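See below for the structure under consideration.
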Amino acid sequence: MPCYYDLMLYSHCGTKIVKQASNTMWGFLMSKEFNSKLTDLKRYFFNESDVRKFIDFLMTKAEVIAPQTKGEQSFAYNVVKNSSDVALEYPRTMQPLKKYFLPPVETLLTFKMSSNEFSEEVIEAKKQIFFGIHSYEMKGIHLLDYCLGKGKPESNYLKRRANALIIGISYKPDKYHFATSLGIDIEETEGFALFFEKVTEGYLVFVVTDEGAELIKDFSGGKPIDEQVNIEELPQQAKIKYHYNRLPQVFEHVYNSRVWDHFADKCVGCGTCNLLCPTCYCFDVRDEVGLNADDGKRQRFWDGCMLNSFAEVAGGENFRNKLAARMRHRLYRKFSYITKSSGELHCVGCGRCTRYCPADISIVEIINSLIEDYSAQQKKQAV
Amino acid sequence: MLTNTTEMKDLYYPLMSDIIKVEQLTATEKRFEIALPDNQVLNHKPGQFVEVSLFGFGEAPISISSSPTKTPAFDLTVRRTGKLTDKMHELAVGSKLGIRGPFGNGFDVDFMKGKDMLFIAGGIGLAPLKSLIDYTIDKRKDFGRIIIVYGTKHPSEILFSNEIEKWKNLKDVEFHMTVDRPDDNWKGNIGVITTLIPPLEINVENTIASIVGPPIMYKFVLMSLNSKRIPDENIYMSLERRMKCGVGKCGHCQINHSYVCQDGPVYHYPKAKELEEAV
C-alpha cells in the first residue's frame with residue numbers, strides 16, 4: 001500500500017484546533033484539546049454592532065470582500081459597500097472564493113495580429129481583505145495554492161494570493177455540508193488572520209496571526225476577554241460512512257465500479273459541479289479578437305472536465321467521451337490523483353456540487369455508494 | 001496600462017520565431033522549419049513538443065520532428081485540422097509564429113544506448129518519431145540495428161518521402177513499410193502495420209521498440225510485440241492528448257493521475273499499463 005495514506009492521517013490536522021470526535025459528531029463544548037489550542041490565542045468579544053463597525057474599520061484599510069445576500073436563499077462574495085449588507089450567517093455562497101485569485105476569464109497577453117506585438121497583462125498588487133470566510137473555503141484555497149504553486153507556479157494566482165488577508169467565521173452546517181466528514185472542522189483556523197466564532201450573544205474573535213493582531217489592535221470596539229465561553233453544539237447531517245483517511249484506499253478499488261454508470265445515468269454533463277467547486281482549476285486558453293480584426297487578447301477561461309469536449313483532440317478523438325468516465329475522473333481528482341502527490345483530499349465538503357446540481361446528484365451519495373461497493377468487495381474476498 | 005513584465009517571466013509568454021522553410025509533404029501536411037529569435041537553440045530531446053501559437057488563432061501542442069542534433073533551427077510537421085493549423089498552412093517563409101517549450105519528457109536516449117532500435121510509426125506518428133530516428137542515425141555508433149516500420153492508410157499520405165528514400169539507401173538502416181489501401185502505382189506491402197511485425201527477425205532482449213501512431217494502433221501493435229516476446233520494459237510509446245498549457249496546470253491532457261505534458265508524451269510501457277485510460 002502506498003505510504004501516502006499515512007500522510008493523509010495527519011494532513012488535515014496541521015495547525016487546526018484538533019477535535020478527535022469529529023467523525024461521529026459535529027460540534028463540542030470546549031473540549032480539552034480545543035481549550036489548549038484556543039487558550040493560546042488572544043480573544044475578544046464582539047457583539048453584532050461591533051462586528052459591523054469592525055467591517056467599516058476594515059474598509060478604511062483596504063477593499064473588503066464578504067458574503068452578501070443575493071436573493072432569499074442565495075449568497076455571493078462581493079466587494080462590500082455597506083457593512084450592513086454583509087451576511088454573517090450564511091450556509092455557503094454559490095461561487096467559491098477562487099474567483100478572486102483565479103478569475104473566470106483572465107487576460108494572459110494582449111496582442112496585435114498585424115505586427116505580432118504582444119505584452120503581458122500587469123497584475124495590480126492591491127491589498128484585499130476577505131471577511132466572513134468559512135473553514136472549508138479556506139481549505140479550498142490552500143489546496144489551490146498547492147496545485148497552482150507546485151511545479152511551474154502560476155504567477156498571477158500567487159500575486160493575488162500574496163495580497164489577500166482572510167478573516168474566518170464559523171457556520172451552522174445545513175444538510176449539504178460534509179466538511180467535518182473530511183476532517184475540516186468548522187473552527188479550523190489555518191490561513192485566517194482572525195477567526196469569528198458565533199456564540200449566543202455575539203462573536204468570539206480569536207487572533208490567529210500577527211497580521212490579525214496588528215489589525216485588531218487599532219480597532220476601538222469589542223472587549224478583550226479571558227474567561228471560557230461555551231460553544232453551541234451543532235449536528236452534522238451529511239456524513240461519509242468511512243473516516244476520511246480511508247477514502248484513498250476505497251478509490252484504489254472502485255475504478256470499475258457500477259456506481260459510475262448509475263450516477264452518470266442521472267447526470268446531464270452540464271459542468272456546474274466543476275464551475276462551483278472550490279478546488280477545480282482546469283482551464284482553457286483561447287484568443288479573442290476585437291472588432292477591428294487586429295487587437296486581441298489571449299485569455300484563460302475556466303473549463304470543466306465534466307464537459308464533453310474537455311479531453312477531445314484536434315483529429316476529433318475524444319479520450320473521455322462517456323459521462324461515467326468523466327464523472328469518475330472528476331471524483332478521482334478529488335480523492336485519488338492529486339492526493340498521491342499532495343497527501344490531501346481535494347474535496348472540502350462545502351456541498352456546492354450537490355446543492356446546485358440540476359439532476360440532484362449528491363456527492364456524498366456517490367462516495368457512500370462507492371464505499372458500499374468497496375466494502376462488499378472486501379467481504380467477498382474474505383469469504 | 002501594459003508593460004512587459006520580465007521579473008517573473010510568465011508561463012504563457014511565447015518566443016516570436018521565424019518560419020525559415022516550408023515544405024508541402026502531402027495534401028494535408030506541411031513541414032515548417034522554425035528559427036528561434038537571436039539564434040537561440042531549442043535544446044529539446046527527441047519526442048518533446050512545443051506550444052505553437054498564432055495571435056488570433058490560438059495555441060496548440062505540436063511535436064518536434066527534427067533531432068536535437070540538427071541546430072539551430074528545428075522542424076514541426078503539421079496536419080491541417082483546425083483553426084490554428086489551417087492558418088499555419090497559409091503561412092510562407094518569413095512569417096512569425098509564437099513558440100513555448102520544449103515541453104514533456106522525451107525519449108530516454110541514454111537508456112537506449114547500445115540497443116537495437118525498432119521504430120513503429122503509424123500515419124502522422126512518424127513526425128514525432130522522426131526526431132528519435134534522426135537522432136539515432138546522427139549518432140549511429142551509439143546504437144545497434146535501426147529498424148523502421150511505417151504504415152499509412154494510403155500512398156498519398158506518405159510523409160517525408162525524401163528521408164524515406166535516404167533511409168532505404170542507408171546500408172545500416174532497415175526500412176519496412178505498408179499501406180492499408182494501395183493506389184495503382186503502389187508496388188510495396190499492403191495491409192495494416194501489424195502485418196510487418198511477425199516477419200521481423202530481432203534479438204528481443206536487446207531491442208527497444210518505440211511506437212507512435214493513432215490511438216487505435218497501439219493495442220494491436222502491443223499485442224503483436226507481445227507475441228514476439230519483446231519484454232514490456234523494452235517498449236516506449238508516445239501518446240496524443242490535448243496539452244493546452246504545457247505546464248501541468250490546465251488539466252486537458254490528463255490520463256488518470258498523469259499529466260501527459262509533464263510525465264509524457266513518451267511513456268515507458270510498464271508505466272502506461274498502469275494508466276487505465278492510456279490506450
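Within segment A:196-219, how many residues turn out to be among the acidic types (Asp, Glu) and under 23 Å from residue A:185 (Cα atoms)?
4
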For this session: Report, ordered by the first and then the second residue, all pairs with beta carbons closer than 6 Å, sequence separation of six or more or different chains, a first member in segment B:198-222 that is in contact (Cβ under 8 Å) with a residue 40 or more places away in the chain, and a second member that is small (Gly, Ala, Ser) and outside any helix (DSSP H, G or I).
Result: B:212/B:121; B:212/B:238; B:213/B:122; B:214/B:122; B:217/B:122
Exercise. What do you reckon, is residue B:153 surrounded by fewer than 15 Cβ atoms within 10 Å (Cβ to Cβ), without any contact (Cβ under 8 Å) to a residue 12 or more places away in the chain and not aromatic (Phe, Trp, Tyr)?
Worked result: no
Problem set entry | Tally, over segment A:325-347, of residues that are in contact with a Cys (Cβ under 9 Å, 6 or more places away or on another chain) and modelled with pLDDT of 95 or more | 10
Exercise. So which residues in segment A:66-104 are modelled with pLDDT of 95 or more and among the β-branched types (Val, Ile, Thr), if there are any at all?
Worked result: A:79, A:80, A:86, A:93
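Within segment B:251-268, how many residues turn out to be surrounded by fewer than 22 Cβ atoms within 10 Å (Cβ to Cβ) and of a type outside the set (S, T, N, Q)?
The number of residues fulfilling the criteria is 3.
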Exercise. Inside segment A:274-382, counting only helices (runs of 4 or more DSSP H) that do not spill past its ends, which hold 1 or more residues that are touching a residue at least 40 places away in the same chain (Cβ under 8 Å) and farther than 23 Å from residue A:256 by Cα?
Worked result: A:339-342, A:352-355
Seminar exercise, completed: Among helices (runs of 4 or more DSSP H) completely within segment B:208-279, the ones holding 2 or more residues that are among the polar types (S, T, N, Q) are B:215-227
Exercise. Of (1) within 14 Å of chain B (Cβ to nearest Cβ); (2) more than 30 Å from residue B:57 (Cβ to Cβ); (3) free of Cβ contacts under 8 Å to residues at least 60 places away in the same chain, residue A:155 satisfies all except one. Which?
Worked result: (2)
Seminar exercise, completed: The residue from A:213, A:238 that alone is in contact (Cβ under 8 Å) with a residue 60 or more places away in the chain, out of contact with any Gly (no Cβ under 6 Å at 6 or more places or on another chain) and not in a helix (DSSP H, G or I) is A:238
Problem set entry | strands (runs of 3 or more DSSP E) wholly inside segment A:86-201 that include at least 2 residues being out of contact with any Leu (no Cβ under 9 Å at 6 or more places or on another chain) and of a type in the set (Val, Ile, Thr) | A:105-112
Problem set entry | Qualifying residues in segment A:310-329 (those that are surrounded by fewer than 19 Cβ atoms within 10 Å (Cβ to Cβ) and more than 8 Å from chain B (Cβ to nearest Cβ)) - the one farthest from residue A:247 (Cα to Cα) | A:316
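The values are calculated or read from the model by the stated rules, or taken from the named source; none is laboratory data. All values derive from a computational prediction rather than experimental measurement. Cβ atoms come from the backbone with ideal geometry, glycine included; neighbour counts cover every protein chain shown.
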